[in-house]
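Read the figures in this text as sums done on the coordinates, not as results from a lab. Remember, it's a predicted structure, so these values are computed and weren't measured experimentally. Glycine also receives a Cβ, built like all others from the backbone with ideal geometry; neighbour counts cover every protein chain displayed.
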Amino acid sequence: MQHIAIEVTERDIDELRSEFNNRNIKVDVVRSNGFDASSIVTLIVELSPVTAGLVATLYGIRKRSEKHIKLKHRGIEIKGVSEAALLKILERAEKLDN
Amino acid sequence: MSIDSYIHATRKNFPKRATNSVYRDEIFPLLDIPSAASGLKFCPLIPIVTYSYSRRVECVEFEGQEYLIYDQYMGQTFNVFNRLAFDDGNTEARVIYFMKYAAERLLQLGDERNALILAIIHSNLKRNSTYFSNASPTEERGLSIFVQELYLMAHEIYHSLLKRSNGLSRDSRDHAKEFLEGRLRTPNEENLSSMSSQVDRDFHAVMSVALGFELDIDEELIRELCCDRLALNFCATTVPHLFGQSVLQRVLTSCYTAHLFTRMLTFIDQDLAKFSEGIVDGEGNFDSMLSRDYAVHQARKAYIRQCSFYYAADINQGSEKTGVAGGQAVLSSIDLFKALEEVQSSIQENLSGPLLSINRAFVTGEILDDFSFVGDAVDELRSTRESDLAGLAERLLGW
């Protein structure tokens, strides 16, 4: 099972969480504090053909309104986010794991 | 979903490389901090050891439980920094390691091509170098890294405790403010070396560039400082209890250098992110670095250096009593800080143009013959155009 990390700010967390919950997609919230004094809120979502489109859409909306959002898979920030790109990542990761 | 899903999504973990037993048997039992600090009988955090090039040490809250995630590769990195700091003047080793660090950081930022190029340069340089001499004794480094890892973890645990309690006490807050404000108001105390006066001048020069900027003594900074101090106190009482009072000076030195290293990495990461954005966006210039934000960033860097000279002075004063020259280690670390900054700005100045060209050549398929400066990199780049760049970079970096 592949998971994707969605880093956002604390004030945006409820809005994003409800976007997933409204579609019956399970999402977990993790709050972390690191040594660089950074506070990060991360949503963890299973990456699947069902979630890839929604994740890409939410990413696009937030980017356009210049809100903070980062997607990570296995710690690597994903550049050029799109549904197709996320599905490619999923396919590649599953191949590597099998 | 479990905490493992979070770990797996946020870092590329190599769990087999982590030596869990050392932490489980030797370090975690020492970190039963709350029993002394807050009257609790056990540490409320569940510790987890990872091994990844994200190097992230963090406290996370997940489903009502708090975890301390410690990345052992951070400790390994500190070990290298200790060696580099002691190994005075070994510029080549600094460059080689910085290439590795930068490549790993760029991989995390999703900048695979530049990560690969730096990985190739690192690999080429390392192949033709002895890399490290043995400037510092193994035993001394062993104690340093033990203390530094303890310090990192204690710092995070104190953050967790402060969050659970009602925040900072009035005394802690006053102490932190006094420290911060006092250092800024009286930069020329007698116990500072002439080198620190130079840093002081640098600091004020940078501050004047950031017109109107005042160092933000906010709640976050005060909390950081308090956790630094609490972690220092924790190590300074716990470690001598294990190894005898004679190690106190080395414990203090190790804590201060750990503090310096973490700040150094934060600044380097921020600079590398800017560097990568410049390349990725195809602009190839660093105008953004002239902005007010960048000036503030530089001022903070200078401030950290400034504080470090006070640490060195503190430790030197202690050294007079104990005869252990700990201050020199802090000064060596400051030299390392400056040296790595120089290495980094050299990369930005000398490689940003060529890297941008290589990126363009990559995209357009142009011939790469003009880029002989990266040596074998050209052939590697040609042969890997369509393959897994990140995977190749990782292999070259030893992952």
Practice task
Would you please give the FRET efficiency between B:K338 and B:Q270, computed as 1/(1 + (r/R0)^6) with r the Cβ-Cβ distance and R0 = 25 Å, to the nearest 0.05?
Solution key: 0.90
Problem - Those GluC sites (Glu not before Pro) in the range A:1-90 that DSSP places in a loop and that have at most 15 other beta carbons within 10 Å - result: A:E66
Exercise for the section: Using θ = phi - 60° and the Karplus relation 6.51 cos²θ - 1.76 cosθ + 1.60, list the HN-Hα couplings for the range B:233-245 in order, rounded to whole Hz, with x at every Gly or Pro. Expected result: 4, 4, 5, 5, 9, 6, 5, x, 4, 7, 10, x, 5
Exercise for the section: Provide A:K70, A:K63 in ascending order of the number of other Cβ atoms located within 10 Å of each residue's Cβ, fewest first. Expected result: A:K63, A:K70
Fill in the blank from the handout: Filtering GluC sites (Glu not before Pro) in the range B:46-92 by DSSP loop and by at most 11 other Cβ atoms within 10 Å leaves B:E63
Problem - Interchain or long-range residues, amide H under 5 Å from B:I46's placed H - result: B:E66, B:Y67, B:L68
Handout entry: Farthest toward positive dipole pole in the range A:3-97 [+1 Lys/Arg, -1 Asp/Glu at C-beta], among A:G75, A:V45, A:L86
Key = A:L86
Practice task
Can you tell me the FRET efficiency between B:S21 and A:N22 if r is taken as the Cβ-Cβ distance and R0 is 60 Å, rounded to the nearest 0.05?
Solution key: 0.85
Fill in the blank from the handout: Fewest-first ordering of A:V45, B:V247, A:V81 by Cβ atoms within 10 Å yields B:V247, A:V81, A:V45
Handout entry: Surface/4 estimate of mean projected area, convex hull on alpha-carbon atoms of the range A:3-97, nm²
Key = 6.4 nm²
Exercise for the section: Rounded to the nearest 0.05, what FRET efficiency do A:K88 and B:N233 give with R0 = 51 Å and r taken as the Cβ-Cβ distance? Could you check? Expected result: 0.50
Fill in the blank from the handout: Note to self: C-alpha centroids of the range B:149-164 and the range A:24-78 sit apart, in Å, by 26 Å
Problem - Residues A:H68, A:H73, B:H8 arranged by fewest to most Cβ contacts within 10 Å - result: A:H68, B:H8, A:H73
Practice task
Take the cross-link list A:K26/A:K67; A:K95/B:K12; B:K12/B:K338; B:K12/B:K100; A:K70/B:K274 and give me the ones stretching past 18 Å between alpha-carbons.
Solution key: A:K26/A:K67; B:K12/B:K338
